[in-house]
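J.: Attaching a single structure in structure tokens format; questions to follow.
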Amino acid sequence: MKELPVIDLELGKKEAPLGDLYGLFFEDLNHAADGGLYAEMVQNRSFEFSEIDKEGYHPLYAWFNEDGSPLKFIPLTIRVLMDTPIHPNNPHYLKINTKQSLAIVNKGFHNGMYFERNKKYRFSLFGKPDCGNPKISIELRDANHQTIGNEVITIDGDNWNRFETIITSRETVENGYLLIRFDENTDVAVDMLSLFPVETYKGRINGCRKDIAELLESMNPKFMRFPGGCLIHDGSLNSSDRDSMYRWKNTIGPVETRPTRGNSWGYNQTLGLGFFEYFQLCEDLKTEPIPVLPAGFDPHHQRAVPIEELGPWIQDALDLIEFANGDINSKWGTIRAEMGHPKPFHMKYIGIGNEEVGQAFFDRYVYFHKAIREKYPDIQIINSAGPFAAGSEYERGWQSARQNGSELVDEHYYQSPDWFLANHHRYDSYDSNGPKVFLGEYASKDNKWWNALTEASYMIGLERNADKVALACYAPMLANIDFVNWKPDMIWFNQSKVYGTPNYYVQKLFMKYQGTHTIPFQLNNLPEKQLKSKKSSGGDILIKGDGAIIEYDDFTIIDHSAGIEQHVKSGVIEDMSLAKVGISESDNYTIKFTFKKTGEKWDKGFKILFGYEDNDNYLTWALGGWQNQDCLIDCMREGASSVLTQSIWAVETGVAYHCELHVKNRFITTYINGQLFNEIEDKLTIIEPIYANAVYDQKTDEYYLKLVNVQDIPFTFRLATDRVEKLRAIEISGLPEMSNTIDNPSTLEQKEYDLSETKDDITVPAYGILFIRMNACKGT
Ligand code: AHR
């Protein structure tokens, strides 16, 4: 009989520390903050919505009449004014001057608000009477227009004042709404009409949604990166512009004094969840805060602060560290204390820039780095390595990190499940003496169990390389099911429910059982590895003018193995048309051509598809892709694409370029006018019989053996380690296509069981993950 695979752990030997390895990435996209984690239930509470944020927005957006029709301006009766605002940063307010009783309605961020029976809701507003002491009735209503909770507020005083009341809901309703009634003969100005559940996460006023934050807390994350992604650097350079880059100083202080802004993901952000709240949330979650700041460069629109004017931007970074860590006598420490947190937040890390492309960022990064290093030598500084897993910007980021001595480099990639399997050993060859990897954004492009499982196999590789990979977080974290900018996402929610995807359960498992140190272990008698992808890079060759008009000439395909040369006459390819131009049966070929862009039209550039099997499996050379900024190689496998490598490059109209693509085995190189542009191996997808790592947890004095099986057959092995006891298994498995939904939020099989009796025959289920917790016998 064939011997079982054997796993043996070397107890008592600690290797690389695992530090803060697994954490969270938060970005306010998909309405993750307003209409999401931030517990405010009213949309457009301060009448600041504007066309600048999104087409169709206006100051009365999301407000309705009692009959459900959109609220409109009525001369002298319903107006949005700017004459005497609460604060210049919050210039608009609602002016009601009515003879008859009049009601306005807000349904929140969905088809309605969720109210729970016997739960309390904090309604507040700022009001300024222009005549008498008007009474305002506040009602929670169900979808049938029945009142299920109500209170009355009397507005008095000569100026703006804040008024608050707590309303208890008598019923649980899914699609309720808030109704605010002004009595007859009312003349009043109101602003900041706000409704929060009293039960926010940890009971914080202006706090977070309890259910969402508790889901995060249950993961045991070691850090949280905020406030984004592209959100931080996409914007104008002037911090008081409505569409400015994310400037943290705009996000602190009393909420009614914070300017609401255009969010670069196409909606309004109130900034109610600002930097103080982010730090507070991190503290409540017992996780390290990792703020990321813009470096005065917007790569999306090529806006750059002149180097000699960088001073205030660098000061922002220094002030942020003082805000988080300074004592209460420092300027920014005082502001933190005034906001309710005299103790420092003990921030350890700061990120400068987000997936930056172009030398302009790196020219600026140096100044930030020097200033932070000089004033705060203990802060770990994170550099940026572009949006792709390899290529010119990736290299530029790493080079800058080595030159400047950045502690960490922020890598981002969203790839196919196959890519994660093929690149399992990516970090094995990294230098453990240089800057460490912060894998600040990654995901395998869907929320099915297969995606989560391939991510799990990859995470085994991350922690096995904990001497090179210091931090890693899945991205993005949150999506409101009614406002989706980006998929996949780890956690989805509506107004009443929140659920984790299979990817969430993987992240949670790895976070909860992260451990403090890797330990050595041996795997013996393993079965053969399996080859998943086809061996050859040969196949059809097609061209596509992805939204462009391209003239091409001398298109030649040379199949070196077969000794065949194919010539295609010159031609024009337009818009989205796709044309087959030849084939290479072998995986040793060269494609040469000259091309020219004519006309102004340009979407995703000129594409050469090669090694084409079918619509779901091929390689692409994209010339002048995304915003005419890229020259990249992309690999489509089973319908999911991965950028293998990218260089920045722009196509000029009317200029002829001579291009060459060489494929040898699976190595791909490209040249434009004789200059090397891309160089990459399209790695074979090889499935290992088991993905394994073993760690020790100093805090619990436990060992964890972590096993991921991506095959359709179970993996059974013998644990040869002597002197271990109290073996407990945590197992998750499912079918590759399984995914969770709001109505069916837990499709995976998850169980925990005792393993003390079965060390000789332990099974990791097909498509399954098995973690084994164990203790060393005393005296080991
Ligand atoms: O996570 C979504 C987006 O992906 C982030 O904003 C950006 O950094 C990346 O391109």
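Read the figures in this text as sums done on the coordinates, not as results from a lab. The shown structure was predicted, so the numbers you read here are calculated from the model rather than taken from an experiment. FYI the Cβ positions are ideal-geometry reconstructions off the backbone, even for glycines, and counts take in every protein chain you see.
J.: What lysines does Lys445 reach when the alpha-carbon gap must be under 18 Å and sequence neighbours fewer than 8 apart in one chain are set aside?
T.: In chain and number order, the partners are Lys487.
J.: Calculate one ³J(HN,Hα) per residue across region 761-768 by plugging θ = phi - 60° into the Karplus curve 6.51 cos²θ - 1.76 cosθ + 1.60, and present them in order as whole Hz with x for glycine and proline.
T.: Listing the rounded values in order: 8, 9, 10, 9, x, 4, 6, x Hz.
J.: Another one. At 0.36 nm per residue, and after removing the present C-alpha to C-alpha distance, how many nm does the segment from Asp243 to Asp156 gain when stretched out fully?
T.: Gain in length upon complete extension: 27.7 nm.
J.: In region 129-281, what is the volume of the convex hull around the alpha carbon atoms, normalised per residue and reported in Å³?
T.: Values: hull volume 24.2 nm³, N = 153.
Once divided by residue count, the hull of region 129-281 is 158 Å³.
J.: Within the set Lys14/Lys202; Lys54/Lys604; Lys468/Lys534, which residue pairs have Cα atoms separated by over 26 Å? Intermediate values should be presented prior to the final figure.
T.: On the way: Lys14/Lys202 37 Å; Lys54/Lys604 24 Å; Lys468/Lys534 31 Å.
Beyond 26 Å: Lys14/Lys202; Lys468/Lys534.
J.: Summing -39500 (n - 2.57) over the DSSP H runs of n ≥ 4 in the chain and dividing by its residue number, what mean residue ellipticity at 222 nm do you reach, to the nearest 500 deg cm²/dmol? Intermediate results must be reported in sequence, preceding the final value.
T.: On the way: 10 runs with 109 residues, N = 780.
Here the helix-only value at 222 nm equals -4000 deg cm²/dmol.
J.: Arrange Met738, Met490, Met192 by Cβ neighbour counts within 10 Å, fewest through most, would you? Before the final figure, lay out the partial values.
T.: Numbers: Met738 18, Met490 28, Met192 22.
Ranking Met738, Met490, Met192 by Cβ neighbours within 10 Å, fewest first, gives Met738, Met192, Met490.
J.: Packing-wise, with mean Cβ within 10 Å as the measure, how do 640-647, 557-564, 746-753 rank, highest first? Numbers along the way, then the final one.
T.: Working: 640-647: 23.5, 557-564: 15.5, 746-753: 13.1.
Ranking, from highest mean packing down: 640-647, 557-564, 746-753.
J.: Can you give me the orientation-averaged projected area of the convex hull built on the Cα atoms of region 76-123, in nm²?
T.: Numbers: hull surface 22.6 nm².
Seen from a random direction, the Cα hull of region 76-123 projects 5.6 nm² on average.
J.: Something else now. Using just the alpha carbons, could you tell me how many Å³ per residue the convex hull of region 1-85 encloses?
T.: On the way: hull volume 25.9 nm³, N = 85.
In region 1-85, the Cα convex hull volume per residue is 305 Å³.
J.: Describe numerically, in nm with one decimal, the distance between label points set 7 Å from Cα along Cα→Cβ at Leu735 and at Ser536.
T.: My value for the distance between the label points is 3.4 nm.
J.: Separate question: For region 13-52, divide the Cα radius of gyration by the Kirkwood radius and give the resulting Rg/Rh value with two decimals.
T.: Details: Rg = 18.8 Å, Rh = 13.8 Å.
Radius of gyration relative to Kirkwood radius: 1.36.
J.: All other residues with a Cβ under 9 Å from the Cβ of His92 taken together, and with Lys, Arg as +1 and Asp, Glu as -1, what is their net charge? Could you put the intermediate results ahead of the total?
T.: Details: positive: none; negative: Glu48, Asp191.
Computed value for this residue: -2.
J.: Give the long-range amide H neighbours of Ile583: residues separated by 5 or more places, or on another chain, with amide H under 5 Å away, using H modelled in the peptide plane at 1.01 Å from N.
T.: Ile541
J.: So, one more: What translational diffusion coefficient, to the nearest whole µm²/s, does region 494-600 have by Stokes-Einstein, given a Kirkwood radius computed over alpha-carbon pairs, a temperature of 20 °C and 1.002 mPa s viscosity? Could the numbers behind the result be given before it?
T.: Working: Rh = 19.5 Å.
D, rounded to a whole number, is 110 µm²/s.
J.: Let me check I've understood the local charge: for Asn118, count other residues with C-beta under 10 angstrom from its C-beta, Lys and Arg +1, Asp and Glu -1. What total comes out? Walk me through the intermediate numbers first.
T.: On the way: positive: Arg117, Lys119, Lys120, Arg170; negative: Glu116, Glu171.
Counting the neighbours of Asn118, the net charge comes to +2.
J.: What number in nm² do you get for region 265-391 if you take the convex hull of its Cα atoms and divide its surface by four?
T.: Over all viewing directions, region 265-391 projects a mean Cα-hull area of 9.3 nm².
J.: Now a separate question. Rank by packing, highest mean first: peptides 391-400, 36-45, 373-382, 589-598, with packing defined as the count of other Cβ atoms within 10 Å averaged across residues. It would help to have the intermediate numbers written out before the result.
T.: Numbers: 391-400: 21.8, 36-45: 24.7, 373-382: 15.7, 589-598: 19.9.
Going from most to least packed, we get 36-45, 391-400, 589-598, 373-382.
J.: Another one. Can you list residues from other chains, or at least 5 along the same chain, whose modelled amide H is less than 5 Å from the amide H of Tyr38?
T.: For Tyr38, whose amide H was placed from the backbone, the distant partners under 5 Å are Arg209.
J.: How large is ³J(HN,Hα) for each residue in region 183-197, as worked out from phi by the Karplus curve 6.51 cos²θ - 1.76 cosθ + 1.60 (θ = phi - 60°), to whole Hz, x for Gly and Pro?
T.: Going residue by residue, I get 5, 4, 6, 9, 9, 8, 10, 10, 7, 6, 6, 9, 9, 10, x Hz, with x marking Gly and Pro.
J.: If you place +1 on the Cβ of every Lys and Arg and -1 on the Cβ of every Asp and Glu, how big does the dipole about the Cα centre of the chain come out, in debye to the nearest 20?
T.: Numbers: 80 positive and 111 negative charges, 253 e Å.
Using Cβ point charges on Lys, Arg, Asp and Glu, the chain gives about 1220 debye.
J.: Then there is this: Which whole-Hz couplings ³J(HN,Hα) result when phi for each residue of region 358-371 is put into the Karplus expression 6.51 cos²θ - 1.76 cosθ + 1.60, θ = phi - 60°, listed in order with x for Gly and Pro?
T.: Coupling constants for region 358-371: x, 4, 4, 5, 5, 5, 8, 3, 3, 6, 4, 4, 4, 5 Hz.
J.: Per residue, what volume in Å³ does the convex hull of the Cα atoms of region 381-467 enclose?
T.: Values: hull volume 7.3 nm³, N = 87.
In region 381-467, the Cα convex hull volume per residue is 84 Å³.
J.: May I pose another question? Tell me, what is the Rg over Rh of region 593-742, with Rh the Kirkwood radius over Cα pairs?
T.: On the way: Rg = 23.5 Å, Rh = 19.8 Å.
That ratio is 1.19, to two decimals.
J.: Please report, in whole Å, how far the alpha carbons of the chain spread along each principal axis, starting with the longest.
T.: Answer, in whole Å and largest first: 92, 77, 56 Å.
J.: When the Cα centres of region 235-299 and region 688-745 are compared, how far apart do they sit, in Å?
T.: First find each Cα centre; the distance between them is then 39 Å.
J.: For Lys436, what is the net charge nearby, where nearby means another residue's Cβ is under 9 Å from its Cβ and Lys, Arg count +1, Asp, Glu -1?
T.: On the way: positive: Lys468; negative: Glu407, Asp467.
That works out to -1.
J.: Report, to two decimal places, the Cα Rg of region 162-225 normalised by 2.2 N^0.38 Å (N = number of residues). Intermediate results must be reported in sequence, preceding the final value.
T.: Details: Rg = 16.8 Å, N = 64, 2.2 N^0.38 = 10.7 Å.
That works out to 1.57 for region 162-225.
J.: Any aspartates and glutamates with Cα under 12 Å of the Lys664 Cα? List them, leaving off those in the same chain fewer than 8 positions away.
T.: Hits, sequence-local ones excluded: Asp559, Asp587, Glu679, Glu681, Asp682.
J.: Please report the Cα spread of region 329-451 along all three principal axes, rounded to whole Å, starting with the longest.
T.: The Cα atoms of region 329-451 stretch 54, 36, 27 Å along the principal axes, largest first.
J.: Ok, one more. Quick one: Kirkwood hydrodynamic radius for region 546-608, alpha-carbon pairs, angstrom, one decimal?
T.: On the way: mean 1/r = 0.0797 Å⁻¹.
That comes to 12.5 Å for region 546-608.
J.: What shape does region 35-75 take by its C-alpha gyration tensor, where a ≥ b ≥ c are the square roots of the eigenvalues and a/c under 1.5 counts as rounded, a/b above b/c as prolate, and the rest as oblate? Write out the running numbers ahead of the final one.
T.: Details: a/c = 2.24, a/b = 1.29, b/c = 1.74.
Oblate.
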